[in-house]
Amino acid sequence: MLRQRILTALVLIPLALLGLFGLTGGAFASFTGAIVLLAAWEWANLSGFERFGPRLAYVLILVIAMLVGWHTQLVMATWPLWIALLGWLVSLYWIATYPESVKQWSRPSLRLLAGLWVLLPCWVGFVQLRASGAEWLLYVLLMVWLADIGAYFAGRRFGRRKLAPRVSPGKSWEGVYGGMVATALLAIGFAVALELSLGRGLGLMVTTLVVTLASVLGDLLESMFKRLRGIKDSGGLLPGHGGVLDRIDSLTAAVPLFALFRLWG
């Protein structure tokens, strides 16, 4: 299992870095769109659709939405990012009130609808961040990765109070705090490197901490849906790593919200 994970990572990491930072414009939008579409295929399964036909139809709906968004320049609008913010507030309520909230989102059609506010704004956020400068795309990726690393080590060392035991028993508040410390240090490093003013540096710090907390929601929402479906991984496209959605769940919340705060600020 470990060997499989390492081999998959050795193939995927260079491809991901090349696609994210070596491509621009339509090529970048196509690359990130393909990743989101693979996640959409898995999301349809999370929603309760196991058959090929319905899952393909869901993916095609997102393809059409992406094509329309790109050719009409809606991909550069801010309203999809605001929809993401509203959607993640709804997700926060669902997670906080689980399992009582199951009756509100258990219908497959509602879970498919939730996938639209999770996946499409994530793609929009990627495109807008890349257009505003590769450094901010790098920043949000580092933010999510460092949040995961900080949460892992802090949770293992200090974890006592469970974050959402009925959704994801392994997560703790101490892990969340550890992730926030790691991303706060990242914000300080970027502020110094980019020679930001005190006001802009503080703004980056606040944005970073808020988005770090939001990234946890991405992980928890997927865990909640998987719990209802009774599955461990969203898919098996990445040997040793589960599905594509398992790898980008935190990014689905972090990318659109960081793009919104970045462009709004």
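Worth pointing out:
- Set side by side, the residues V140, V144 differ, and just one is closer than 24 Å to W94 by Cα, of a type in the set (V, I, T) and in contact with a Leu (Cβ under 9 Å, 6 or more places away or on another chain), which is V144.
- Hits in the stretch 221-262 - residues which are in contact with a strand residue (DSSP E or B) (Cβ under 6 Å, 6 or more places away or on another chain) and part of a helix (DSSP H, G or I): S223
- Conditions (1) touching a residue at least 60 places away in the same chain (Cβ under 8 Å); (2) touching a strand residue (DSSP E or B) at 6+ places or on another chain (Cβ under 6 Å); number of the one not met by T208: (2)
- Entry remark, the stretch 184-207: residues being surrounded by fewer than 16 Cβ atoms within 10 Å (Cβ to Cβ) and among the hydroxyl-bearing types (S, T, Y) number 1 in total.
- Check on W136, more than 30 Å from G48 (Cβ to Cβ), at pLDDT 95 or above and touching a Lys or Arg at 6+ places or on another chain (Cβ under 7 Å): no
- Boolean, L89 is over 14 Å from the mean Cα position of the chain (by Cα) and surrounded by fewer than 19 Cβ atoms within 10 Å (Cβ to Cβ): yes
- Count of the stretch 19-40 residues, restricted to those that are over 15 Å from V75 (Cα atoms) and either among the β-branched types (V, I, T) or within 14 Å of the chain's Cα centre (by Cα) (or both), is 5.
The values are calculated or read from the model by the stated rules, or taken from the named source; none is laboratory data. Quick caveat, the model's predicted, so the values are computed rather than measured. Because the Cβ atoms are built from the backbone with ideal geometry, glycine has one as well, and the counts that use them run over all protein chains shown.
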